[in-house]
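These notes are about the structure you will find just below.
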There are 2 protein chains.
Amino acid sequence: MLRTNQLRFAGRLFSSAATRGMPAGLDSSKLQIQTNSKPSSPKANNELVFGQSFTDHMLTVEWTEKDGWAAPKIQPYGNLSLDPSSAVFHYGFELFEGLKAYRTLDNKITMFRPDMNMARLNKSAARICLPTVDGEEVIKLMGKLIEQDKHLVPEGQGYALYLRPTMIGTTAALGVSSPDKALLFVIASPVGPYYKTGFKAVKLEATDYATRAWPGGCGDKKLGANYAPCVLPQKQAAERGYQQNLWLFGPEKYITEVGTMNVFFVFKDAKTGKKELVTAPLDGTILEGVTRDSILSLARERLNPEEWTVSERYYSIHEVEQKAANGELVEAFGAGTAAVVSPIKEIGWNGKDINVPLQPGKQAGALTEDVASWIADIQYGRVKRGNWSREVTGPL
Amino acid sequence: MLRTNQLRFAGRLFSSAATRGMPAGLDSSKLQIQTNSKPSSPKANNELVFGQSFTDHMLTVEWTEKDGWAAPKIQPYGNLSLDPSSAVFHYGFELFEGLKAYRTLDNKITMFRPDMNMARLNKSAARICLPTVDGEEVIKLMGKLIEQDKHLVPEGQGYALYLRPTMIGTTAALGVSSPDKALLFVIASPVGPYYKTGFKAVKLEATDYATRAWPGGCGDKKLGANYAPCVLPQKQAAERGYQQNLWLFGPEKYITEVGTMNVFFVFKDAKTGKKELVTAPLDGTILEGVTRDSILSLARERLNPEEWTVSERYYSIHEVEQKAANGELVEAFGAGTAAVVSPIKEIGWNGKDINVPLQPGKQAGALTEDVASWIADIQYGRVKRGNWSREVTGPL
């Protein structure tokens, strides 16, 4: 009889799990706030450099396999103190996210599609055996963090508060295994527009001598492991005059992504005049970008299907080269949270430069401009769109 | 004239570079030692668990792009204090090494082939844009660290002091670029034999659904990036009863390595009776193991070439499966610093287990036993071999 009752009330038993010795879920209602006694003044907008300065507070939540998530803390921004044998220093147990909070026209603060970042954070965590979270709880906590430092959220088109949720394995032992301790933290950096004076089109080097990601790897996850190995090829490309690598894959030389951005091309069929917006498919080697997803959604809604096809498909540098030669390459742009969209003007390949058209007298193609406006309009609250903007504070 | 002199004395100018504002090289003579006021007592040998406890001191050396290497410090083992935006937490700027110091029969302490680890450390560093070091200087410093804690170097066959040189990028900013600050640190853990009661042969799962490394990647470097992504497949293999993954590569299903060990197989030609010791070639996807190199060197010297071939070549799980079916699979073992050699008894593949022969009543093949003895004899000073043992202290 006791057993039957236990089964019947399993739901209730489970919900009070923490008190019964089961690991606790991440619970925003347990938040403890320790305010910074030395609040800083906002920097002038023109002094904001991406990821160089941070707000007065940070969010930290500790996790252990045994007890689950501890009480979240908002505390003054400051150093982390970690045992030198911690898993994060040795075996790459680290993942991150990047999203932005915007001050809207009506002076609210909103986060752009934070649920997408939380879903990806959980995929990254599961891939390297770090704990997953209840994303809505972390979104609430990031809201509290933003509220705490709301005087540091900059105002104006192109300005935002960049949020960097990060999770690290903190087990202090050298065995290579699943961490039994972890730390989730969120820091925030006030940032300006990637291009201070409108667009500035970039040159990419198509890279096939180094490989960013591969099938059966983890190139689709936002892990530290995917970044450090790409910096040497980036430096080498820079020495040859290119800002970033355009990562190719396989003997087919498929175009994948830029490493800090997804990438889109626009082709126009010389015979039919029909245009195609194309980006690589999510096959496990491509980061599942929130901006990429936003652009695909908006393009599928807003581009006239009689004039446009929107494709997620494999395409190679050879196809781009051929289409450029035929006059069928219309424009190209990168897409990511930092720059939102980043027009491309040249691609170095095989010792030559493929010229990517721009509009006369401009640093971007026509669709690149449109896409940038579509997204900015939503981010700054000029256009409402479903649940893409998550309100943190009402009018200030 | 001044210019000519400057050119003529360029060597001298360069050697006093630090005083002229050029970045300083890593210089062991600048060592500062702060002793731990609470020295610990050695644990009993049977309490030593790999990488779980550490000695009283650690070595740290800070680096900046502008000033180069600062004065090395030996200080009490303790937490590192790092800005949460540090490159190591976000982008995988981390590398490590693993080597052992042994208490020899005549009660000296020696390091086993530390120059090999330093050479690899520099390859790893160059690959992710961290600074390189003068390896001999770091070897001297590790010697000083060992001397400081020499009472904690355990005695007895199978016991050693495991040294973990680690380098991390410490630039406190979120841009993805080459770190302009770094920290080299070395911690030390007294360790016991991997298998407490002689050999214990392991079961490996041949894994093709996840991929450890790729051409154009960095699987041959000892980077944190290579480890975290392998832990989920390792857990999944463990759930099916296998201790580790045997990583396969490509449509050919080539055998590469174990992720924490290189791997060797012994085949015997059924017709000629000639035996082959085989391991995968260093093609950029295989860790360049010091134990692997030591085994190849010793095998080429000591195995009778009329009876043996020693090969670094591609070979696949299909070849192993076929040879096992033909009675041509003799034995197999993993090779790495932690376990030195680790015999293999079964390989799970395609839903079946390939049985790897062991000697009757034993947990290892004959060559596995020999190789383990060859190396232990050198490590514990029973056999002298050129510069493989680097003396840290004379008889204690």
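Structure values in brief
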item: Where a residue in region B:48-65 is farther than 21 Å from B:GLU137 by Cβ and its partner, wherever it lies, is assigned to a loop (DSSP other than H, G, I, E, B) and of a type in the set (Asp, Glu), with Cβ under 8 Å and at least six apart; result: B:ASP56/B:ASP149
item: Residue within region A:218-235 that is surrounded by fewer than 23 Cβ atoms within 10 Å (Cβ to Cβ), more than 22 Å from B:GLU94 (Cβ to Cβ) and in contact (Cβ under 8 Å) with a residue 24 or more places away in the chain present; result: no
item: Hits in region B:25-37 (condition: in contact with a strand residue (DSSP E or B) (Cβ under 8 Å, 6 or more places away or on another chain) and either surrounded by fewer than 17 Cβ atoms within 10 Å (Cβ to Cβ) or within 12 Å of chain A (Cβ to nearest Cβ) (or both)); result: B:GLY25, B:GLN32, B:ILE33, B:GLN34, B:THR35, B:SER37
item: Residue tally, condition touching a Gly at 6+ places or on another chain (Cβ under 6 Å) and polar (S, T, N, Q), over region A:154-198; result: 1
item: Residue match in region B:130-141 (condition: open to solvent by 20 Å² or more (accessible area, probe 1.4 Å), more than 18 Å from B:THR64 (Cβ to Cβ) and not in a loop (DSSP other than H, G, I, E, B)); result: yes
item: Candidates B:VAL356, B:VAL340 - the one that is over 23 Å from B:ARG240 (Cα atoms) and crowded, with 21+ Cβ neighbours inside 10 Å; result: B:VAL340
item: Members of region A:190-215 that are open to solvent by 30 Å² or more (accessible area, probe 1.4 Å), under 30 Å from B:ASP208 (Cβ atoms) and either in contact (Cβ under 8 Å) with a residue 40 or more places away in the chain or of a type in the set (Lys, Arg) (or both); result: A:ASP208, A:TRP214, A:PRO215
item: Some residue of region A:211-220 being farther than 25 Å from A:ASN107 by Cβ, β-branched (Val, Ile, Thr) and either within 13 Å of chain B (Cβ to nearest Cβ) or touching a Leu at 6+ places or on another chain (Cβ under 6 Å) (or both); result: yes
item: Qualifying positions in region B:97-136 - closer than 13 Å to B:GLY289 by Cβ and more than 14 Å from chain A (Cβ to nearest Cβ); result: B:PHE112, B:ARG113, B:MET116, B:ASN117, B:ALA119, B:ARG120
item: Tabulated pairs, region A:164-176, first more than 8 Å from chain B (Cβ to nearest Cβ), second assigned to a loop (DSSP other than H, G, I, E, B) and among the hydroxyl-bearing types (Ser, Thr, Tyr), C-beta under 7 angstrom, 6+ apart or interchain; result: A:ALA172/A:SER85
item: Total residues in region A:85-95, condition surrounded by fewer than 24 Cβ atoms within 10 Å (Cβ to Cβ) and touching a helix residue (DSSP H, G or I) at 6+ places or on another chain (Cβ under 9 Å); result: 0
item: Of the criteria (1) within 30 Å of A:LEU48 (Cα to Cα); (2) facing chain B (nearest Cβ under 10 Å); (3) not β-branched (Val, Ile, Thr), which one A:TYR194 fails; result: (2)
item: A:ALA125 vs. criteria open to solvent by less than 20 Å² (accessible area, probe 1.4 Å) and either outside any helix (DSSP H, G or I) or closer than 25 Å to B:PRO229 by Cβ (or both); result: yes
item: Qualifying residue in region B:290-303 (condition: in a loop (DSSP other than H, G, I, E, B) and crowded, with 19+ Cβ neighbours inside 10 Å); result: no
item: Residue in region A:44-64 that is facing chain B (nearest Cβ under 10 Å), open to solvent by less than 10 Å² (accessible area, probe 1.4 Å) and touching an Asp or Glu at 6+ places or on another chain (Cβ under 8 Å) present; result: no
item: Subset of region B:246-257 [within 11 Å of another protein chain (Cβ to nearest Cβ) and within 15 Å of B:PRO229 (Cβ to Cβ)]; result: B:TRP247, B:PHE249
item: Unmet requirement for A:LYS181, which otherwise passes all of (1) under 30 Å from B:PRO215 (Cα atoms); (2) open to solvent by 40 Å² or more (accessible area, probe 1.4 Å); result: (1)
item: Scope region B:338-394; condition among the aliphatic types (A, V, I, L, M), outside any strand (DSSP E or B) and modelled with pLDDT under 95; matching residues; result: B:ALA338, B:ALA339
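The values are calculated or read from the model by the stated rules, or taken from the named source; none is laboratory data. Source: prediction; values computed, not measured. Don't worry about glycine lacking a Cβ; one is built from the backbone with ideal geometry, like all the others, and counts go over all protein chains shown. We work out accessible area using only protein heavy atoms, side chains counted, and drop any ligands, DNA or RNA first. Shrake-Rupley method; radii C 1.70, N 1.55, O 1.52, S 1.80 Å.
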